[in-house]
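This report refers to the structure that appears directly beneath it.
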Ligand SMILES: Nc1ncnc2c1ncn2[C@@H]1O[C@H](COP(=O)(O)OP(=O)(O)OP(=O)(O)O)[C@@H](O)[C@H]1O
Ligand SMILES: [Mg+2]
């Protein structure tokens with residue numbers, strides 16, 4: 001979910017910079033938003049969720065919808081405890097800053113006497129977590145009212161005493177992070193066409209959030225927040241850091257939060273958050289997809305730790321690009337499409353937010369790249385530097401982004 005965390009050997013994943021002196025409140029249109037600090041509990045969640053008026057605007061794109069009220073089920077703690085076998089370790093799907101995510105099984109007795117059920121994912125707040133009620137409520141308020149094929153479905157929640165839980169549709173293929181950087185024989189390299197499919201899905205999800213009727217800045221776009229269903233359809237999860245963008249003001253000012261390596265430079269340095277700050281994060285994921293390497297990796301030599309800084313000079317040139325393409329693709333990709341995607345990454349990573357494309361434009365460019373079916377080149381192994389894959393899945397850099405962006409001299413991929 002993206003806030004600084006300290007639980008269970010997890011290295012903090014997220015920028016949390018109280019020393020920045022930036023306001024902790026979200027200022028939109030010169031008023032301090034109180035929509036996320038409204039009271040919690042039971043049906044109050046739905047009453048306090050009037051961010052948007054229900055809309056059927058064309059702008060929302062195919063399948064996108066804003067529901068008039070969060071359509072969420074309130075689960076009891078006992079139900080979720082039973083669904084996850086008392087939150088047993090062997091049900092753990094992953095762990096983030098909010099807490100552990102468990103796989104569970106819910107009996108739907110109302111549907112059939114014989115008891116049919118469904119698989120769910122249950123995210124349980126860790127008592128040591130620095131994330132908490134605000135992020136939990138943002139998730140309920142945002143995700144509870146938004147419906148889109150590329151957003152993960154929030155089914156319901158539980159709020160009992162100090163227990164805060166969120167219940168989602170189960171995503172069979174887990175996170176993109178797992179597929180790109182996971183270890184072990186069960187993790188198969190993603191072929192080029194699946195990479196594009198995932199990127200297009202995630203881009204459509206962001207474009208929906210950015211559409212005129214919604215204008216949400218997602219703020220935590222990264223590989224671990226892109227979940228995949230059985231057919232590798234991508235869905236965005238984790239709205240704990242999402243913010244409404246004001247229509248009359250181009251940005252919101254917030255305490256700097258997000259995830260190392262993905263946050264846009266203007267946000268890191270000024271706290272000004274734009275819709276286009278999300279586009280920068282998308283650019284970082286594009287580069288991770290192209291190279292198969294993590295945005296930040298402390299086990300790489302100093303000049304290569306920040307992936308974007310390292311490979312940026314290689315994205316614009318088709319010949320150089322070959323040197324940074326993920327070796328696990330084994331050369332099986334249309335080089336024209338790869339060049340187009342790399343060029344897109346460069347524009348998404350523009351230093352000035354105004355120079356970045358809209359997510360609608362990103363979708364169109366990716367769809368075009370997807371239609372290119374050049375004859376694959378003879379397999380060639382590139383990008384032999386693969387140390388990052390030997391790391392545990394949840395390793396993240398504890399470095400602050402400000403330190404990262406000013407880090408020493410630039411190296412070159414594979415010492416070229
Ligand atoms: N709905 C889901 N279905 C299947 N697996 C899920 C689901 N939600 C989360 N997971 C798994 O749990 C992991 C942890 O998710 P979580 O969002 O809590 O943390 P994160 O994204 O890794 O980190 P952060 O706290 O920085 O966002 C995910 O990477 C994914 O593997
Ligand atoms: Mg997450």
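All of the numbers you see were taken from the coordinates with simple rules; none came from a lab. Small disclaimer: the values here were computed from a predicted structure and weren't measured. As a convention, Cβ positions derive from the backbone with ideal geometry for all residues, glycine included, and neighbour counts pool all protein chains shown.
Based on the mean of other beta carbon atoms within 10 Å per residue, what is the order of 360-372, 280-292, most packed first? Display every interim value, and only then the final one.
Numbers: 360-372: 17.6, 280-292: 25.0.
Ranking the peptides 360-372, 280-292 by packing returns 280-292, 360-372.
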Whole-angstrom Cα spans of the range 91-235 along principal axes, big to small: 45, 39, 35
So, with points 7 Å from each Cα along the Cβ direction, the residue 67-residue 183 label distance in nm works out to 4.0 nm
Please state the Cα pair-distance histogram of the range 176-390 with 10 angstrom bins from zero: what percent is in each bin? 8, 36, 37, 16, 2, 0
Two-site label geometry, residue 193 and residue 82: point separation in nm, points 7 Å out along Cα→Cβ: 4.5 nm
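Calculate, in nm to one decimal, what residue 172 and residue 302 gain on full extension: separation in residues at 0.36 nm each, minus their alpha carbon distance.
Working: separation 130, 0.36 × 130 = 46.80 nm, distance 3.62 nm.
Computed gain between residue 172 and residue 302 is 43.2 nm.
Treat the range 163-297 as a sphere of radius equal to its Kirkwood radius over Cα pairs and apply Stokes-Einstein at 10 °C in a medium of 1.306 mPa s; give the translational diffusion coefficient in µm²/s, rounded to a whole number. All intermediate terms of the calculation are to be shown ahead of the outcome.
Details: Rh = 15.6 Å.
Roughly 102 µm²/s, to the nearest whole number.
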